[in-house]
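Undergrad: My structure is below; once you've seen it, I'll send some questions.
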Amino acid sequence: MDELDERETDSGETIASAAMRAADALREHILVGKVPAGSVLRETALCELLDVSRNTVREALRQLVSEGLLDQQLYKGTTVRTMSCEDVRDIFAVRRALQFRAIEESALAPQERFDALQRFVDDADQAVRAGDWLSAGTANLRFHHGIVALLGSQRLDTFFAVVMTQLSLALADARSDQGFQSHWIKGNRSICEHLCSGQRKEAALALTQFLDESERVVLDIVRFTWRRLNAGAAAGKPFASFS
């Protein structure tokens, strides 16, 4: 890996930095729902999509495997992970630890962080008006990432971006479902209003209600997803290919 880090691409960029850029781009595709759980990732298609070499794609894929977003099996290639109930419980444990801490310390956050929260709420509202429920869901995910951003830690922001991407995968088909996504808009707006007004106790209470209900719903989605996958496997149906 160290040897690869020092090598350069044709553009003069090191393979390590190109791979990180490619990993960021692919992670974003997963977050916004363009590459769903179970997708088979083909190196050739990724090279064209990300405009990078095959070596760079392989390094990027290894990074996302280490983040728990992809699975790699010998002779079977790379697939986007399907989250389990254990994954969901872990995701929500992390969310509670970081998001409540962020609310507690939000008085120290600069105004631009609160402005960002309001933008995410506004983005969700705009997507709803356009009937774009996939984008509404992405705005909701970014809003909760924005809560953690109140802590002002780049390391936590990077880590939590992975957690939110894992959550996106856990939501499966609900990512673009109107009934599912519309349910959370009001709760996010309430949390945002309390935070921006300095009402931290009220914001924490609203977040508690949001996370408790969300965890139960996401667990139900994951259980249904696994039942469907098991039924499909028994019928010999393959995963979709991302190409």
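The values are calculated or read from the model by the stated rules, or taken from the named source; none is laboratory data. All values derive from a computational prediction rather than experimental measurement. Reconstructed Cβ throughout: ideal geometry from the backbone, glycine too, with neighbour counts over all protein chains shown. Just the protein is used for accessible areas: all its heavy atoms, side chains included, with ligands, DNA and RNA removed. Shrake-Rupley method; radii C 1.70, N 1.55, O 1.52, S 1.80 Å.
Undergrad: Out of residues 5 or more away from Leu41 or on other chains, whose amide H comes under 5 Å of its own, with H placed 1.01 Å from N in the peptide plane?
TA: Thr78, Thr79, Val80, Phe242
Undergrad: If you don't mind, there's one more thing I want to ask. Mean-square fluctuation check for the chain, GNM, Cα pairs under 10 Å: which of Leu31, Leu49, Leu207 is largest?
TA: Among Leu31, Leu49, Leu207, the largest mean-square fluctuation in the Gaussian network model of the chain belongs to Leu49.
Undergrad: Could I ask something else about it? Given H placed on each backbone N at 1.01 Å, which residues far from Leu70 in sequence or on other chains put an amide H within less than 5 Å of it?
TA: Close amide H contacts, sequence-distant or interchain: Val65, Arg81.
Undergrad: I've got another one for you. Could you sort 74-84, 168-178 so that the peptide with the highest average Cβ count within 10 Å comes first and the rest follow in order? Display every interim value, and only then the final one.
TA: Details: 74-84: 15.5, 168-178: 19.9.
Taking the mean over residues of other Cβ atoms within 10 Å, the ranking is 168-178, 74-84.
Undergrad: Report, by chain and number, residues whose modeled amide H sits under 5 Å from the one on Thr14, excluding near sequence neighbours (fewer than 5 apart, same chain).
TA: Thr9
Undergrad: At 222 nm, what helix-only mean residue ellipticity would the chain give, in deg cm²/dmol to the nearest 500, using -39500 (n - 2.57) for each DSSP H run of four or more?
TA: Estimated from H runs of four or more residues: -23500 deg cm²/dmol.
Undergrad: Let me ask something else. Between Leu195, Thr14, Ser176, whose Cα lies farthest towards the positive end of the dipole of the chain when Lys and Arg beta carbons carry +1 and Asp and Glu beta carbons carry -1, centred on the Cα centre?
TA: Ser176
Undergrad: Quick one: net charge of Arg81's neighbours, Cβ under 11 Å, K/R +1, D/E -1?
TA: Local net charge: -3.
Undergrad: Taking the Cα centre of the chain as origin, work out the dipole magnitude from +1 charges on Lys and Arg Cβ and -1 charges on Asp and Glu Cβ, in debye rounded to 20. Mind dumping the intermediate values first?
TA: Details: 29 positive and 35 negative charges, 189 e Å.
Computed charge dipole of the chain: roughly 900 debye.
Undergrad: Say we join alpha carbon atoms closer than 10 Å with springs in a Gaussian network model of the chain; which of Glu215, Glu86, Glu193 then has the biggest fluctuation?
TA: Glu86
Undergrad: Ok, one more. Quick check: at a probe of 1.4 Å, how many percent of the accessible area of the chain sits on carbon and sulfur atoms? Intermediate values should be presented prior to the final figure.
TA: Values: 6440 of 12930 Å².
Ligands and nucleic acids excluded, carbon and sulfur reach 50 percent.
Undergrad: Determine the sum of side-chain charges near Gly187: Lys and Arg each +1, Asp and Glu each -1, restricted to other residues whose C-beta is under 12 angstrom from that of Gly187.
TA: Numbers: positive: Lys186, Arg189; negative: Glu193, Asp212, Glu213.
Charge balance in the 12 Å sphere: -1.
Undergrad: Same structure again: Local charge sum around Leu108 (other residues, Cβ-Cβ under 12 Å, Lys/Arg +1, Asp/Glu -1)? Don't skip to the answer; put the middle values down first.
TA: Details: positive: Arg101, Arg113, Arg200; negative: Glu104, Glu105.
Counting the neighbours of Leu108, the net charge comes to +1.
Undergrad: Give me the accessible area per residue for the chain, probe 1.4 Å, as a whole number in Å².
TA: Values: 12930 Å² over 243 residues.
I get 53 Å² per residue for this part.
Undergrad: Of the options Asn230, Ala93, Thr208, report the single residue whose Cα projects farthest towards the positive end of the charge dipole of the chain (beta-carbon charges: Lys, Arg +1; Asp, Glu -1).
TA: Selected residue: Asn230.
Undergrad: GluC sites (Glu not before Pro) within the stretch 91-176: which are DSSP loop residues with at most 13 other Cβ atoms inside 10 Å?
TA: Values: sites: Glu104, Glu105, Glu112; in loops: Glu105.
For GluC sites (Glu not before Pro) across the stretch 91-176 that sit outside H, G, I, E and B with at most 13 neighbouring Cβ atoms in 10 Å, the list reads Glu105.
Undergrad: Filter the DSSP H helices in the chain by two things, a Kyte-Doolittle mean of at least -0.5 and an axial alpha-carbon span of 30 angstrom or more, and list the hits by number.
TA: Values: long enough: 200-234 (50 Å, -0.05).
Span-like helices, by this rule, are 200-234.
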